[in-house]
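This report refers to the structure that appears directly beneath it.
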Amino acid sequence: MTPEEFRKDVLPEGRRLYALAFRYLNSREEAEDAVQEVMMKLWSERDKTRNYSSVAAWCTTVTRNCCIDILRRRKRLQIGNIDEAGVIISADTDTGKSHEVTEAARMVSAIVTRMKEPGRSAIIMRDIEGYSYEETAEATGMNIAAIRTVMSRARKQVREEMERIYSYGTGKDKRTDW
């Protein structure tokens, strides 16, 4: 890959890679550092682009792996229980539905942050970033059937955690709510 091709094909991916890194790391500074590290790695390994069907998938894979390495270094993959997420929904909020939607999004984000791989990557790439199953499979190195299975299990985990958090936050017995 020539410098011109790199400028044309890889550098425009920077904003998307930052958003992906931010989803993994939950820190602006760490996401910026990760993207800078990724760009340097992409440049130094620019001849490996032939191994991927798209430059975006290559960039995503390198970013994902970089973020996982950062998370491992800071030993943040294992966050404690629901109480540590600091998420409680009040049944009688005075700000209405918009507050509930915001809280639900925050809860889902906290749940995904605590997930183990490969479910975490699959949820982030497929449901949050909007990648296709094919792109997600290529970036994670898994086949499409495995991605579908991982997605199903990860979504089930999110659903179960949401039910548990909701039941915990409102004091209601979830068996009677559903």
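Remarks
- Note on the range 1-69: percent of Cα-Cα distances in each 10 Å bin, starting at 0 and stopping at the bin with the largest distance, equals 23, 57, 19, 1.
- Translational diffusion coefficient of the range 109-148 (Stokes-Einstein, Kirkwood radius from Cα pairs, 4 °C, 1.567 mPa s): 130 µm²/s.
- Between residue 43 and residue 144, the FRET efficiency estimated from the beta carbon spacing at R0 = 35 angstrom works out to 0.70.
- Ordering 44, 55, 17 by the projection of their Cα atoms onto the charge dipole of the range 11-56, which places +1 on the Cβ of Lys and Arg and -1 on the Cβ of Asp and Glu, puts 55 at the extreme positive end.
- When you count the other C-beta atoms within 10 angstrom of each residue and take the mean per peptide, 149-161, 10-22 line up highest first as 10-22, 149-161.
- Modelled this way, with points 7 Å down the Cα-to-C-beta line, the labels at residue 162 and residue 132 are 2.6 nm from one another.
- Computed about the Cα centre, the dipole magnitude for the range 1-77 is approximately 380 debye when only Lys and Arg (+1) and Asp and Glu (-1) carry charge, each at its Cβ.
Here, each number is a calculation from the coordinates, and none is a lab measurement. If you're wondering where the values come from, they're calculated on a predicted model, not measured in any experiment. Cβ: placed from backbone, ideal geometry, glycine included. Neighbour counts: every protein chain shown.
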